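First comes the structure, then the notes that go with it.
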There are 2 protein chains.
Amino acid sequence: MSDGAASPSSYVFEQPCPIRNVLDRIGDQWSLLVLQSLEGGTRRFNELSREIGDISKQMLSRTLKHLEQDGFIRRTVYAEVPPRVEYNLTGLGRSFLVPMRDLVTWADENHRTICAARDEYTARRAGA
Amino acid sequence: MSDGAASPSSYVFEQPCPIRNVLDRIGDQWSLLVLQSLEGGTRRFNELSREIGDISKQMLSRTLKHLEQDGFIRRTVYAEVPPRVEYNLTGLGRSFLVPMRDLVTWADENHRTICAARDEYTARRAGA
DNA sequence: CGGTATCCTTATCGATACTG
DNA sequence: CAGTATCGATAAGGATACCG
């Protein structure tokens, strides 16, 4: 606070906001799942597809491309037949998972409270 | 559920995943902005609208309803003319912002690296 | 195997007119 | 002031055929 820079939260409302720029990317349906999967080690395209389960090839492809583009993951192609492509986390990707894990933990610890709040809200509307 | 159970990340792939259920809600375009704004204290509808700037009335209304429904914020109606409605954070909402702030800080600290990675990716595709 | 291109359906969102 | 209802544009997403 007292150091020169403003706190990060002070400019989340600015129009090209760097924080929103970053968070919007990983806030999508699939990025977190892919990252979690890769945390378990190197994975190939179809391994990821099977592990995540309900993701389409297109979305997996896009998500991987985005993550690679942002430097979260590394894509390695082996000149073999049949072709082999491996994905794994970069240091950046790994470092991202640190604060992310706290948020996941929070969600885990509070989802019951949240569900209860939703039910209560619904009940109030119905009963009122 | 958390006691003695597997780590939260172990069931992010399950179909009705509580973590995704929670994170999908606050991962939208506006929830975080509204929460950040309310962190500054009690706000009224049009105050939020002005502070966030580029949000439509409809989206603000929906976002507020979702956040209220999930127990992140409290909506207080005063029986006055003209009508006055105030929004503020609940304890749950406040507690959510703790891990969220770490993620925002991470995004703030790493957005340059990410932008550089994006540029490099683009350059590689163009130059290759 | 590891994707991309295409088609089509559905969800999202902004603008705005209207209500209490 | 504080929203809700309706409409239309657009983007996201799934299914799948096809390519290297």
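The values are calculated or read from the model by the stated rules, or taken from the named source; none is laboratory data. Worth saying up front: this structure is predicted, and the values here are computed from it rather than measured. Please note: Cβ atoms are built from the backbone with ideal geometry, for glycine as well, and neighbour counts cover all protein chains shown. We work out accessible area using only protein heavy atoms, side chains counted, and drop any ligands, DNA or RNA first. Shrake-Rupley method; radii C 1.70, N 1.55, O 1.52, S 1.80 Å.
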Shielding of A:21-29 by other chains, given as the mean Cβ count within 10 Å, works out to 5
Largest first and rounded to whole Å, the semi-axes √(5λ) derived from the alpha carbon gyration tensor of chain B read 33, 24, 13
Dividing the mean separation of Cα pairs under 8 Å (6+ apart) by the residue count of chain B yields a relative contact order in percent of 19 percent
Scan of chain B for GluC sites (Glu not before Pro) in DSSP loops with at most 13 other beta-carbon atoms within 10 Å gives a longest site-free stretch of B:15-79
Note to self: with every protein chain in place and a 1.4 Å probe, the protein assembly as shown gives an accessible area per residue in Å² of 53 Å²
Descending accessible area (1.4 Å probe), largest on the left, turns B:Arg125, A:Arg25, A:Arg74 into B:Arg125, A:Arg74, A:Arg25
Taking the convex hull of the alpha-carbon atoms of segment B:11-81 and averaging its shadow over every direction gives an area in square nanometres of 5.8 nm²
Listed by chain and number, the lysines with an alpha carbon less than 26 angstrom from that of B:Lys65, same-chain partners under 8 positions apart left out, are B:Lys57
Expressed as a percent, the portion of alpha-carbon pairs in the protein assembly as shown spaced more than 28 Å apart is 41 percent
Sequence order, segment A:70-81: Karplus ³J(HN,Hα) from phi using 6.51 cos²θ - 1.76 cosθ + 1.60, θ = phi - 60°, Hz rounded, Gly and Pro as x, gives 7, x, 7, 10, 10, 10, 10, 9, 9, 7, 10, 10
Counting sequence-distant residues (5 or more places) and residues on other chains, those with an amide H built under 5 Å from that of A:Asp70 are none
Filtering chymotrypsin sites (Phe, Trp or Tyr not before Pro) in segment A:11-84 by DSSP loop and by at most 16 other Cβ atoms within 10 Å leaves A:Phe13
Comparing each residue of segment B:102-125 in the complete protein assembly with the chain by itself (heavy atoms, probe 1.4 Å, ligands and nucleic acids ignored), those losing at least 40 Å² of accessible area are B:Leu103, B:Val104, B:Trp106, B:Ala107, B:Asp108, B:His111, B:Ile114, B:Arg118, B:Tyr121
By the DSSP-based rule, helices of chain B that are at least 27 Å long along the axis (C-alpha) and have a mean Kyte score of at least -1.0 are B:91-127
Asked for the total accessible area buried by A and B (1.4 Å probe, Å², nearest 100), one would answer 4900 Å²
Length gained, B:Ser56-B:Ala79, 0.36 nm per residue minus C-alpha separation, equals 5.7 nm
Bounding extents of segment A:72-128 in its principal axis frame from Cα atoms, largest first in Å, are 66, 26, 12
Taking protein heavy atoms only, a 1.4 Å probe, and rounding to whole percent, the accessible area of segment B:8-127 owed to carbon and sulfur comes out at 50 percent
